[in-house]
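Report on the following structure.
Here, each number is a calculation from the coordinates, and none is a lab measurement. Note that the coordinates shown come from a computational prediction; the quantities given were computed from them, not determined experimentally. Counting neighbours? That spans all protein chains shown, and the Cβs are built from the backbone with ideal geometry, glycine included.
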Amino acid sequence: MLKALGWVEPRLFREAPWKTAHYEPFRPNQIWGEDWTILTIAGVRYYLLTIIDLLLGALIVAWGL
């Protein structure tokens, strides 16, 4: 309704940074990612950390509790 009345000015937004790749790996072990997951087993909370090689299709390189 406000836009129809001309009370809203157009805004220019920059492109979202996650839509464009900033890195182009060409061999394994160049870009790794991580993922934290909370596990609750028998009332005890554990944190699972996985290290992932992003070039190799999310291959898990290492993990730990």
Mean separation of Cα contacts under 8 Å (6+ apart) over length of the chain, as relative contact order %: 23
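Using a Förster radius of 25 Å, what is the FRET efficiency between residue 24 and residue 49 based on their Cβ-Cβ separation? Nearest 0.05, please.
On the way: r = 26 Å, r/R0 = 1.05.
The calculated FRET efficiency here is 0.40.
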Rounded if a/c under 1.5, otherwise prolate or oblate - the chain, Cα gyration tensor axes: oblate
Distance between modelled label sites at residue 14 and residue 35, nm, 7 Å Cα→Cβ extension: 2.9
Environment charge of residue 50, counting only residues whose C-beta is closer than 10 Å and scoring Lys/Arg +1, Asp/Glu -1: -2
Amide H contacts under 5 Å for residue 61, placed H, 5+ residues apart: 51, 52, 53
Cleavage-rule hits, chymotrypsin sites (Phe, Trp or Tyr not before Pro), segment 1-50, DSSP coil, Cβ neighbours within 10 Å at most 12: 7, 13, 23, 26
